[in-house]
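Novice: Shown below is the structure under consideration.
The values are calculated or read from the model by the stated rules, or taken from the named source; none is laboratory data. Not measured: the values here are computed from a predicted model. A quick note on method: Cβ atoms are made from the backbone with ideal geometry, for glycine too, and the neighbour counts reach across all protein chains shown.
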Amino acid sequence: MGQITLQGVRKSFGPVNIIKDANLDIENGSFVVFVGPSGCGKTTLLRLIAGLEDVTGGQILIDGRNVVDVPPAKRGLSMVFQSYALYPHMSVRGNIAFGLKMAGLPRPEINRKVEAAAATLNLTPYLDRKPRELSGGQRQRVAIGRAIVREPKAFLFDEPLSNLDAALRVQMRLEVTKLQKQLATTAVYVTHDQVEAMTMADKIVVLNAGRIEQYGSPLELYEHPANLFVAGFIGSPKMNFVPGEVAGEAGVAIIGIRPEHLKIGKDGDGWPGRVSVAEHLGSDTFLYVEGGKLGTLTVRYVGELSLRAGDRVWLTPDPARMHRFNKEGSVIRTS
Amino acid sequence: MEPLGRQEAAMTTQQVIATQQTQVVATEQTQVLGRALLSPAVVLLFIWMIVPLAMTIYFSTLHYTLMDSENWSFVGLENFRYFLTDPAFLTSLQNTLVLVGSVLAITILLGTPLALLLDQPVIGRSVVRLMVIAPFFVMPTVSALVWKNLLMHPVSGLFAWIANLFGLTPIDWFNDAPMLAVILIVAWQWLPFATLILLTALQSQDEEQKEAAEMDGASALSTFIYLTLPHLARPITVVVLIETIFLLTVFAEIFVTTGGGPGLQTTNIAFLIYSQALIQFDVGNASAGGLVAVVIANIVAFFLVRIIGRNLEV
């Protein structure tokens with residue numbers, strides 16, 4: 001079991017409020033990703049759940065039990081740190097076994113569990129090596145091994161892939177997701193990379209300035225962002241925001257339209273503009289279009305589109321996929 | 001097109017060779033210049049070392065006392081035989097090792113917890129740190145005098161006053177426990193050094209590792225044993241090596257407090273050589289002793305490096 005509930009959790013460092021009233025319900029077995037810009041409090045929130053920081057107010061329930069006064073080790077969670085935090089003078093075996101040794105398990109049982117974890121993570125040939133003799137990806141796996149061997153109620157990941165190179169990151173992303181599904185253990189994962197968030201998560205928590213902006217599945221956030229912040233943060237390239245006259249005609253403060261939902265044509269219809277930069281990726285074409293009073297709009301076209309800087313184009317937004325926001329930045333639901 | 005291409009290639013090869021030659025010449029010039037500029041310092045240092053050493057070796061083969069400086073004669077290795085078979089030699093060698101070992105043990109066993117305490121966030125930490133480090137700045141002669149006359153004096157010392165307060169008989173440190181007294185004084189001087197080195201090492205310990213251990217359920221004691229101590233292995237090695245070098249030659253503290261006595265109880269090798277030279281005025285014998293001390297220091301260094309030097313390897 002691993003149901004984690006936050007009720008009105010607050011955290012301040014002196015006069016600075018890092019987390020302002022966080023309420024969250026993490027279901028057993030789900031993969032939840034905290035995502036947000038740096039300094040939004042996502043790591044702090046994770047550390048509060050882990051018990052490495054004390055809450056200023058509110059409750060954290062794990063399987064219905066309030067754990068705010070329970071020390072980290074007794075919460076039944078395990079954590080993978082950004083720097084891996086492997087014990088440098090211990091072998092891989094020693095690193096993975098440390099938690100079990102501290103729990104006072106008998107040696108044969110420790111060995112059995114460590115070897116099982118090592119087999120799961122393809123670490124068996126490296127069990128007697130020191131962390132410094134391993135590559136980045138292997139170290140990462142040792143850190144994960146240290147977490148899974150304790151059979152925790154939930155895994156906490158603090159930006160675990162940010163020290164890996166791009167190719168390895170994609171591979172580890174898959175491995176972590178597969179492992180989590182296989183173990184069916186709750187996972188809370190912190191990242192600033194929205195691609196990681198979108199690909200790995202069952203549910204995403206978007207944080208901004210210590211506040212939970214939206215909590216939902218990746219596609220929910222993509223299709224129905226609750227506000228300007230989420231709309232701008234989720235999706236790449238960023239959503240286009242059109243304020244002013246055009247939005248006023250639609251009776252709202254701001255119109256948001258994703259680059260992939262703008263139809264581009266060489267003649268005729270819609271908003272006129274001029275291509276300022278065209279990026280040809282082969283599979284996609286990204287166009288930055290000067291739209292006069294619309295501002296600069298980003299357009300994504302799947303496939304190759306032979307347009308170049310300076311070409312005149314017309315843009316037609318897909319009305320069904322337009323997002324309308326009021327002055328406060330909240331979305332206006334039309335349906 | 002083709003001849004032109006070949007010509008270009010040839011040009012390039014020549015240019016490459018030329019460049020390489022210039023580089024070789026430049027490197028040679030740099031090396032020669034470097035040596036030339038370095039040599040005055042090296043020569044000066046060499047003379048500084050070799051003249052006293054040569055003089056000591058020369059004197060060690062002479063029968064030469066200041067009491068009778070007119071009559072000196074060449075005696076070969078007689079001084080060495082005399083120094084090494086002197087019962088005072090073995091006693092002072094033993095005293096030297098006891099002094100070095102005890103001070104090392106005290107400074108590391110007390111320095112580690114002290115460093116751990118100073119690593120905690122406390123009010124006025126910088127002031128506390130400065131005060132802890134202060135003894136290291138007091139010159140040995142002064143601190144020995146303070147300990148002798150203000151602290152350990154059996155009549156007017158602070159320790160005697162405290163003992164009297166509890167109705168106990170004050171300890172006459174320099175008569176009843178002279179070696180312990182010297183060890184305490186020297187350890188007091190070297191404790192800050194050990195603490196300082198260990199403190200900086202503690203501050204370089206990775207915070208996330210400690211947190212990982214906390215998540216793994218390690219108690220403060222387990223974290224210390226399994227994480228902090230291995231992390232401190234290297235700085236402890238450094239402390240042991242550096243302190244040993246200086247502790248083998250402790251002199252001022254003994255000279256000021258006990259004068260090597262009572263009897264030979266606090267005479268170490270350094271003090272024995274001093275007493276041969278400037279109490280018994282036997283220059284030849286003292287020179288031989290000095291050379292023996294050099295050999296002993298090298299033997300100790302050899303074993304230290306063999307035993308604990310491995311910790312310094314990456």
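Condition check ((1) modelled with pLDDT of 85 or more; (2) farther than 30 Å from residue B:54 by Cβ) across all residues:
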| site | (1), (2) |
| --- | --- |
| B:253 | yes, yes |
| B:260 | no, no |
| B:279 | no, no |
| B:283 | no, no |
| B:288 | yes, no |
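Novice: Do you know which of the residues in region A:128-152 that are crowded, with 19+ Cβ neighbours inside 10 Å and part of a loop (DSSP other than H, G, I, E, B) is nearest to the chain's Cα centre (by Cα)?
Specialist: Out of the qualifying residues, it is A:152.
Novice: Still on this structure, I have one more. Consider residue A:119 against the criteria (1) away from every other protein chain (no Cβ under 14 Å); (2) touching a residue at least 60 places away in the same chain (Cβ under 8 Å); (3) part of a helix (DSSP H, G or I): it satisfies all of them except one. Which criterion is unmet?
Specialist: Condition (2) is where residue A:119 drops out.
Novice: Just to check your reading of the model, which residue among B:248, B:221, B:241 is hydrophobic (A, V, I, L, M, F, W, C), over 22 Å from the mean Cα position of the chain (by Cα) and not assigned by TED's automatic domain parsing to the domain that holds residue B:52?
Specialist: B:221
Novice: Name the pairs whose Cβ atoms lie under 7 Å apart, with the first residue in region B:135-160 and closer than 12 Å to residue B:172 by Cβ and not assigned by TED's automatic domain parsing to the domain that holds residue B:253, the second among the aromatic types (Phe, Trp, Tyr) and assigned to a helix (DSSP H, G or I), and 6 or more positions between them or separate chains?
Specialist: Partner pairs satisfying both residue conditions: none exist.
Residues are listed down the side, and each one gets a yes or a no for (1) surrounded by 10 or more Cβ atoms within 10 Å (Cβ to Cβ); (2) under 26 Å from the mean Cα position of the chain (by Cα); (3) in a helix (DSSP H, G or I):
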site: B:27; (1), (2), (3): yes, no, yes
site: B:30; (1), (2), (3): yes, no, yes
site: B:34; (1), (2), (3): yes, no, yes
site: B:40; (1), (2), (3): no, no, yes
site: B:47; (1), (2), (3): yes, yes, yes
site: B:51; (1), (2), (3): yes, yes, yes
site: B:58; (1), (2), (3): yes, no, yes
site: B:82; (1), (2), (3): yes, no, yes
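Novice: Turning to a different aspect of this structure: Determine which member of the set A:83, A:135, A:91 is under 28 Å from residue B:234 (Cβ atoms), polar (S, T, N, Q), within 14 Å of chain B (Cβ to nearest Cβ) and without any contact (Cβ under 8 Å) to a residue 40 or more places away in the chain.
Specialist: A:91
Novice: Here is a further query. Looking only at region A:175-224, how many residues end up being among the acidic types (Asp, Glu) and either touching a Cys at 6+ places or on another chain (Cβ under 7 Å) or assigned to a helix (DSSP H, G or I) (or both)?
Specialist: 4
Novice: Sort through A:216, A:248 and tell me the only one that's out of contact with any Asp or Glu (no Cβ under 8 Å at 6 or more places or on another chain) and crowded, with 17+ Cβ neighbours inside 10 Å.
Specialist: Answer to the check: A:216.
Novice: With region B:199-271 as the region, which helices (runs of 4 or more DSSP H) entirely inside it contain at least 3 residues that are surrounded by 19 or more Cβ atoms within 10 Å (Cβ to Cβ)?
Specialist: In region B:199-271, B:207-215, B:229-247, B:252-257 are the helices (runs of 4 or more DSSP H) which contain 3 or more residues that are surrounded by 19 or more Cβ atoms within 10 Å (Cβ to Cβ).
Novice: Also, I was wondering about something else. Go through region B:213-268 and count every residue that is farther than 26 Å from residue A:156 by Cβ and of a type in the set (Asp, Glu).
Specialist: 2
Novice: Suppose we filter A:36, A:57, A:41 for residues that are among the small types (Gly, Ala, Ser), away from chain B (no Cβ under 11 Å) and exposed (fewer than 14 other Cβ atoms within 10 Å of the Cβ); which single one remains?
Specialist: A:57
Novice: With the condition being free of Cβ contacts under 8 Å to residues at least 60 places away in the same chain and not charged (D, E, K, R), I'd like the strands (runs of 3 or more DSSP E) fully within region A:245-335 carrying at least 2 qualifying residues.
Specialist: Where strands (runs of 3 or more DSSP E) fall fully within region A:245-335 and carry at least 2 residues being free of Cβ contacts under 8 Å to residues at least 60 places away in the same chain and not charged (D, E, K, R), they are A:262-265, A:271-280, A:284-290, A:296-302, A:312-317.
Novice: Moving on to the next point. Just one of A:52, A:6, A:46 is part of a helix (DSSP H, G or I) and closer than 19 Å to residue A:155 by Cα; which is it?
Specialist: Answer to the selection: A:46.
Novice: Criterion first (surrounded by fewer than 21 Cβ atoms within 10 Å (Cβ to Cβ), among the charged types (D, E, K, R) and at the interface with chain B (Cβ under 9 Å from one of its Cβ atoms)) does residue A:113 satisfy it?
Specialist: no
Novice: Do any helices (runs of 4 or more DSSP H) entirely within region B:120-188 hold 3 or more residues that are over 22 Å from the mean Cα position of the chain (by Cα) and at pLDDT 85 or above, and if so, which?
Specialist: Counting at least 3 such residues, we get B:158-165.
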